[in-house]
Amino acid sequence: SGGGRNKKVTGYMLKPRGLAAINGVDHRGVMNLSIKYVPPGSLGRKNPPSGEVHIWVKDTKDLPQLRPSGVDSFVKCYVLPDTSKKSYQKTRIVKRDSNPIFNHTIVYDGFHTEDLKDACVELTIWDHEKLTNHFLGGIRLGLGTGFSYGIAVDWMDSTQEEVEFWQEMMSTPNEWIEGSLLLRSLAGKNKLK
């Protein structure tokens, strides 16, 4: 079927981007984080009542410096396709540090296990200024199929490393999975917000 062909193309296109980032073509730093999926009812009867995705943003290393005084950075998180206020979370701002430590945990509930195939956790890091915030880089955790709930979307574009990290979380419920992922430019992301 046509759908299967698209998936192959997507998977193939992800590899060069990952390599380019490793070779320093698009170096935006690295995010250290852990993620965990807690299935509904896995901690006892109706506990939790719905599945939960836990995201522990630990720190980022080697952020690009846009000015001599350093970076005042914070992390934004959404679970796509939901871009509502309910989905939006952010860390505090860490001032003048290109290796900021956030140590911030975010919990999203309302997940069914099958939603993990269609959802994407988007973590972006921003440099905070008085009038505007500058996009520094991000990661997208999902299966990278190019589709969400049967609809073609530009944000379902996870790299091979991001896909493997998400798959490990899906296959190892109730355990923290640790990762160090390269920050990258993201399709469809405005550079100023």
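Observations
- Too-long pairs where the Cα-Cα distance tops 18 Å, listed order kept, from LYS90/LYS189; LYS36/LYS85; LYS85/LYS130; LYS117/LYS189; LYS58/LYS90; LYS36/LYS86: LYS36/LYS85; LYS85/LYS130; LYS117/LYS189; LYS36/LYS86
- Per-residue Cβ neighbour rank within 10 angstrom, fewest leading, ARG45, ARG67: ARG45, ARG67
- Net +/- balance of residues flanking THR172 in space, Cβ distance below 15 Å, scoring K and R +1, D and E -1: -4
- Going by neighbour counts of Cβ atoms within 10 Å, the residues CYS120, CYS77 line up, fewest first, as CYS77, CYS120.
- In order along the stretch 42-58, the phi-based Karplus estimate (6.51 cos²θ - 1.76 cosθ + 1.60, θ = phi - 60°) of 3J(HN,Hα) comes to 7, 10, x, 4, 6, 10, x, x, 10, x, 10, 9, 9, 10, 10, 7, 8 Hz; Gly and Pro are listed as x.
- Residue exposure proxy: ARG92, ARG28, ordered by other Cβ atoms within 10 angstrom of their Cβ from fewest to most, comes out as ARG92, ARG28.
- Scanning residues 5 or more positions from VAL71 or on other chains, those with amide H under 5 Å from its amide H are ARG96, ASP97, SER98, with H placed 1.01 Å from N in the peptide plane.
Throughout, read-outs are computed from the coordinates displayed, never taken from laboratory work. Bear in mind that the values here come from a model prediction, so they are computed numbers and not experimental data. When we count neighbours, we look across all protein chains shown, and the Cβ atoms used for this are built from the backbone with ideal geometry, even at glycine.
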